[in-house]
Structures are given as structure tokens and as C-alpha cells.
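Any read-out appearing in this document is the output of simple, stated calculations on the displayed coordinates, not a laboratory observation. Quick caveat: nothing in here was measured; it's all calculated off a predicted structure. All Cβ positions, even for glycine, are placed from backbone atoms using ideal geometry, and neighbour counts span all protein chains on display.
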Amino acid sequence: MNPQIITLPVGDFQTNCYLVFGPDRVGVVIDPGGEAQHIAQVLAERQIKATAILLTHGHCDHLIGAAQLQELLDLPLYLSEADLPTLEGSAADASFLGLSFTKVPKVTGYLKDGQIFKAGQLEFKVLATPGHTPGGIVLLCGDCAFCGDTIFENSVGRTDLPGGDSRQLANSIRRQIYTLPDSTTLYPGHGPTTTVGLEKRSNPFVRPL
Ligand SMILES: [Zn+2]
């Protein structure tokens, strides 16, 4: 089933926070990178019941709003276990970048490669895509893939931060993203949406093999 999606660019890095929900208006919040009160307000106005926060990875610009959103809405939070050190270092990273960051969110559980995460009528398949960070994941729901900072329109995630690995990133994109149907829409952590077909044809950083 394809979800309904509301994109909210939040915080100093204009991270795409995605509200993803089904016909029953039950869903998840992906990457609340700031502006927790605004996110909670949009959920209330649009009558969406969020049942969890899912993180594509543990970088601070994707989770600065998470702890406050957990407090406002009592939400569990999930990410890949391999990004726990990234998450634990996110407060230090935020202070280095001059971002105000009050609290690291509480982790409820971990998302594993191949796992199906259910929220109401929606199913998210977890695809491990290490490279930008060791525990980066893509969340696939119908023909929509929420990619975090693994791939962007005509670009890919940086690999010069701790835990980054450019060969691993290229491998993840070829194995987990370029093997999806060309019509799959990619929802990146920053910037506009794109598709698997467009990136296979034009992404200058990772060519299909
Ligand atoms: Zn990142």
C-alpha cells in the first residue's frame, strides 16, 4: 500500500521530516530533525495518529526534535543498532555545529535489514544502507523509499564524517536502491524527491554496474 506523505523541512539544515500515514491516518514520523512543536501541531491539525518515530540514521540534524516529540506524544523510537554510537555522539556533534540540542532521544528498539515495521495499515521494509553512517537505513513503504542521507537528487551522502565509507555507500546504493523498480520515488533527507530510474540514469556519483 502506498502511503500519504507530508514533508516538513525542519531545523537549521532544512532536514526533510516526513509524516507518513495510511488511509486510517495512522503512521510514523521519520527524522524529526527539529521544530517538535510544529510537527506535533501538523499531526494534530491533519488528524494523523503517529505510532512511532523512525530514524534513517543517528546524525543530529535528523533527530534534534525527537526527544521533545517523544515527550509531547509519548512515542517509541527506532533506528538501526549500528547507529547507536552515532546517536549517542549527536549532542556533541550538534554543539560543534552550533545547533541547540537539549536531549538525546530514548531508543525503544532496533530496525534490522529485511525487517517489516508495521504502523496501522502501512508496512515499512527496512533496507540496511551503510556508508554515510554505519547504521544508515532506507525505509520502503509501497513504492516510496525514505532514504535519509544515503542518496539525493543527483548526489549522494557525504562519507567524510566518522563511520563514513564511500565504497560501502556505493555498494549500498547499487544493492539496495538501484535494484528497486525504476518508478520507486526516493524521499531524501534533504532537498527534492527523485526516482530510482532518474538516479540510475543521471547520478554522477554512483553509476549502476
Ligand atoms: Zn546524515
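Side notes on the structure shown:
- Residues satisfying the stated conditions in segment 114-146, i.e. in contact (Cβ under 8 Å) with a residue 24 or more places away in the chain, in a loop (DSSP other than H, G, I, E, B) and within 22 Å of Ile173 (Cβ to Cβ): Thr129, Pro130, Gly131, His132, Thr133, Pro134, Gly135, Gly136, Gly142, Asp143
- On the stretch given as segment 83-124, residues that are surrounded by fewer than 16 Cβ atoms within 10 Å (Cβ to Cβ), under 30 Å from Pro23 (Cβ atoms) and hydrophobic (A, V, I, L, M, F, W, C) total 1.
- In segment 147-174, the residues that are over 15 Å from Ala128 (Cβ atoms) form Cβ pairs under 9 Å with partners that are away from the ligand (no atom under 11 Å from the Cβ) and in a strand (DSSP E or B), at six or more places apart or across chains, as follows: Phe152/Leu186; Phe152/Thr194; Glu153/Leu186; Glu153/Thr194; Asn154/Thr194; Ser166/Val156.
- Here Thr7, Thr15 are screened, and the one residue that is surrounded by 24 or more Cβ atoms within 10 Å (Cβ to Cβ) and either of a type in the set (Ser, Thr, Tyr) or over 17 Å from the mean Cα position of the chain (by Cα) (or both) is Thr15.
- Filtering segment 10-52 to residues that are within 16 Å of the ligand (Cβ to nearest atom) and not small (Gly, Ala, Ser) leaves Val10, Asp12, Phe13, Gln14, Thr15, Asn16, Cys17, Tyr18, Ile30, Asp31, Pro32.
- Hits in segment 158-209 (condition: among the hydrophobic types (A, V, I, L, M, F, W, C), within 14 Å of the ligand (Cβ to nearest atom) and buried (at least 17 other Cβ atoms within 10 Å of the Cβ)): Leu169
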